[in-house]
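Participant: Can you read through this structure? Questions will come right after.
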């Protein structure tokens, strides 16, 4: 289910918490259409790396940055069937495009998981049929409070939830 809220979070807060103080790197991050923010846990999450690569390979026309001091991502395999994307920062004007990118990534990832589930089940191991998905988007707006859009729920209800989003209602003051 999607939740929407106002927030006082700003990009500067995240940069300080990640100890990013290189002015050139800060300028790169501020100009990005999509900015992926790792938590300590997400730096080691395979999904964060996969999402970053999906974005840069499938959408090279957009400026996409991974907000870590070194841009290096470490990969460990996820042992669960869950998909937890890194926190994402974007502007309200770029949000519709970002939602389409997330939708495409999740569609591809869920198809891959279905194939994996089928292969693994042939060996007698049953994986959960349901995939739990979680992500948070911080939407920045000039001269207004930022908004947070979060999703926590099953993959089966995600498409229905996407259809119910009314961006005009979310950003109306």
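Participant: Once you have the Cα-Cα distance between residue 103 and residue 8, take 0.36 nm times their residue separation minus that, and quote the gain in nm to one decimal.
Facilitator: Numbers: separation 95, 0.36 × 95 = 34.20 nm, distance 2.66 nm.
Fully extending the segment from residue 103 to residue 8 adds 31.5 nm.
Participant: So, one more: Set the Förster radius R0 to 45 Å, insert the Cβ-Cβ distance between residue 21 and residue 61 as r into 1/(1 + (r/R0)^6), and round the FRET efficiency to 0.05. Don't jump to the answer; show the numbers that get you there.
Facilitator: Details: r = 30 Å, r/R0 = 0.66.
That pair, residue 21 with residue 61, gives E of 0.90.
Participant: Let me ask another. Could you list log10 I(q)/I(0) for the range 98-166 at q = 0.11, 0.13 Å⁻¹, which the Debye formula gives when each Cα is one point scatterer?
Facilitator: -0.37, -0.49
Participant: Under a plain spin-label model, where a point goes 7 Å from the Cα along Cα-to-Cβ, how far apart in nm are residue 91 and residue 157?
Facilitator: Inter-label distance under the simple model: 3.4 nm.
Participant: Multiply the residue separation of residue 130 and residue 142 by 0.36 nm, subtract the distance between their alpha-carbon atoms, and state the gained length in nm to one decimal.
Facilitator: Working: separation 12, 0.36 × 12 = 4.32 nm, distance 3.87 nm.
Taking 0.36 nm per residue and subtracting the Cα distance, the gain is 0.4 nm.
Participant: Report the calculated FRET efficiency for residue 31 and residue 120 (r = Cβ-Cβ distance, R0 = 41 Å), to the nearest 0.05.
Facilitator: Values: r = 42 Å, r/R0 = 1.03.
Step by step, r from the Cβ atoms, then E = 0.45.
A short reminder: the numbers here are calculations on the coordinates, not readings from a lab. Note that the structure is predicted; figures quoted are calculated from it, not measured. A quick note on method: Cβ atoms are made from the backbone with ideal geometry, for glycine too, and the neighbour counts reach across all protein chains shown.
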